[in-house]
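Peer 1: Here it is, the structure, as structure tokens.
The numbers here are math on the coordinates, done by the rules we state, and not lab data. What you are looking at is a predicted structure, and each value in this text was computed from that prediction instead of being measured. Cβ coordinates were reconstructed from backbone atoms using ideal geometry, including for glycine residues, and neighbour counts include every protein chain displayed.
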Amino acid sequence: MKIAVASDHGGYELKEKIKQHLIERGHEVTDVGTYSTTSVSYVDFGHQACEKINDGLCERAILVCGTGIGMSVVANKHKGIRAALCTNTFMVDMARRHNDANVLVLGARVLAIPYAIMLVDIFMSEPFDGGRHQERLNQITKLEEKICD
Ligand code: RB5
């Protein structure tokens, strides 16, 4: 799968581990930064990763900041982006099966690295259930069309 990864300084180390893990699993990873632990704003990096999806260059993205909160706020401002900030396996499972989340957001200061990698694996493998959940996503799309430019 083609996947974008992004972080701020707080998420840099975890983003690097996730990137390495995804490459080892055969995924095509686009890393939009940041590329060091120098303090930066999560806004630009989260935005760039979501644009990769909306430009059709990536199917999904994984965003990491300290808590995951800033990145999830930014990501969910984008039309067509369904970003899920998850802290446990149940949340990731539901984010894929019920919400068809195309962006996973993780807090590097919240999760241990091996646990975060486990969440990534669920995000990458769990399918969308469709059915009544698709109807709800259609409602979201209609809402986006109504309230976004
Ligand atoms: C950076 O210090 C921190 O604010 C950021 O990584 C994130 O947690 C924001 O939501």
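Peer 1: Within segment 78-137, how many residues are among the acidic types (Asp, Glu) and closer than 16 Å to Ile3 by Cα?
Peer 2: Summing the residues that are among the acidic types (Asp, Glu) and closer than 16 Å to Ile3 by Cα in segment 78-137 gives 3.
Peer 1: Residues of segment 70-90 being away from the ligand (no atom under 16 Å from the Cβ) and either within 16 Å of Cys148 (Cα to Cα) or touching a strand residue (DSSP E or B) at 6+ places or on another chain (Cβ under 9 Å) (or both), which ones?
Peer 2: His78, Lys79, Gly80, Ile81, Arg82
Peer 1: Moving to a separate point now. Which residue is farthest from the ligand (Cβ to nearest atom), if the candidates are limited to segment 102-121 and must be in a loop (DSSP other than H, G, I, E, B) and touching a residue at least 12 places away in the same chain (Cβ under 8 Å)?
Peer 2: Looking at the filtered set, the residue picked out is Asn102.
Peer 1: Okay, moving on. Which of the residues that make up segment 1-11 are within 16 Å of the ligand (Cβ to nearest atom) and surrounded by 21 or more Cβ atoms within 10 Å (Cβ to Cβ)?
Peer 2: Once the filter is applied, which keeps residues that are within 16 Å of the ligand (Cβ to nearest atom) and surrounded by 21 or more Cβ atoms within 10 Å (Cβ to Cβ), segment 1-11 yields Val5, Ala6, Ser7, Asp8, Gly10, Gly11.
Peer 1: Residues in segment 20-69 that are more than 19 Å from Ala101 (Cα to Cα) and either surrounded by fewer than 21 Cβ atoms within 10 Å (Cβ to Cβ) or within 11 Å of the ligand (Cβ to nearest atom) (or both): how many?
Peer 2: Number of matching residues: 20.
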